[in-house]
Amino acid sequence: ESREGYHSLVSVQGRLHSCRQCTFVTKYCANMKRHICKHISERPFQCHSCPAAFSQDSHLARHIRTHTGKRPYSCDVCSASFSERSNLMKHMHTHTGERPYSCDHRNTPFLHKANLIKHMRTHS
């Protein structure tokens, strides 16, 4: 990628690289190059099992688990396993009783963000 092409998409002020398409800012050129792939639809990481392609290798790795059925993240409390760490972390709330999402109007706690969003519609 040319220097001119990069600067047409990114503003550099001192050490900060700011995306001209959105509010993303980083100190690192490599992070910005990875980020701008989202805007220019560059998806160099191709799945060999289907037509899906991704801008980051980590996203491809996560996608490949949909084909392999691999679930490397396991709950220490029960036998549940997950393909993504974030889903394991959400699952752990079922064991701790924690309800991390709260309604500002009634201080009603919810286990899932989607349920809070649905509830918030009752206030509008």
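Tabulated values for the structure
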{"read-out": "Positions within the stretch 104-120 being in contact (Cβ under 8 Å) with a residue 12 or more places away in the chain and either aromatic (Phe, Trp, Tyr) or out of contact with any His (no Cβ under 6 Å at 6 or more places or on another chain) (or both), in sequence order", "value": "112, 113, 115, 116, 119, 120"}
{"read-out": "The stretch 110-124 - residue that is touching a helix residue (DSSP H, G or I) at 6+ places or on another chain (Cβ under 9 Å) and surrounded by 14 or more Cβ atoms within 10 Å (Cβ to Cβ) and, of those, nearest to residue 75 (Cα to Cα)", "value": "111"}
{"read-out": "Test: residue in the stretch 81-90 that is more than 29 Å from residue 50 (Cα to Cα), touching a helix residue (DSSP H, G or I) at 6+ places or on another chain (Cβ under 6 Å) and not polar (S, T, N, Q)", "value": "no"}
{"read-out": "Boolean, residue 71 is of a type outside the set (Gly, Ala, Ser), surrounded by 14 or more Cβ atoms within 10 Å (Cβ to Cβ) and either within 30 Å of residue 32 (Cα to Cα) or modelled with pLDDT of 90 or more (or both)", "value": "yes"}
{"read-out": "Residue in the stretch 16-23 that is at pLDDT below 90 and within 30 Å of residue 68 (Cα to Cα) present", "value": "no"}
{"read-out": "Elements of type helices (runs of 4 or more DSSP H) in the stretch 19-124, at least 2 residues being within 28 Å of residue 7 (Cβ to Cβ) and not hydrophobic (A, V, I, L, M, F, W, C)", "value": "29-40, 57-68"}
{"read-out": "Candidate set: the stretch 20-37, residues that are farther than 20 Å from residue 57 by Cα and out of contact with any strand residue (DSSP E or B) (no Cβ under 8 Å at 6 or more places or on another chain); chosen: the one surrounded by the fewest Cβ atoms within 10 Å (Cβ to Cβ)", "value": "23"}
{"read-out": "Test: residue in the stretch 84-101 that is over 30 Å from residue 122 (Cβ atoms), more than 21 Å from the chain's Cα centre (by Cα) and surrounded by 12 or more Cβ atoms within 10 Å (Cβ to Cβ)", "value": "no"}
{"read-out": "Condition check for residue 101: in contact with a Lys or Arg (Cβ under 6 Å, 6 or more places away or on another chain) and modelled with pLDDT of 90 or more", "value": "no"}
{"read-out": "In the stretch 31-43, the residues that are of a type in the set (A, V, I, L, M) and within 18 Å of the chain's Cα centre (by Cα)", "value": "32, 36"}
{"read-out": "Pair list, Cβ under 9 Å, 6 or more apart: the stretch 50-63 residue on the phi < 0 side of the Ramachandran plot, other residue at pLDDT below 90 and hydroxyl-bearing (Ser, Thr, Tyr)", "value": "55/41"}
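The values are calculated or read from the model by the stated rules, or taken from the named source; none is laboratory data. None of these values were measured; they are calculated from a predicted model. Glycine gets a Cβ as well: all are built from the backbone with ideal geometry, and neighbour counts include every protein chain shown.
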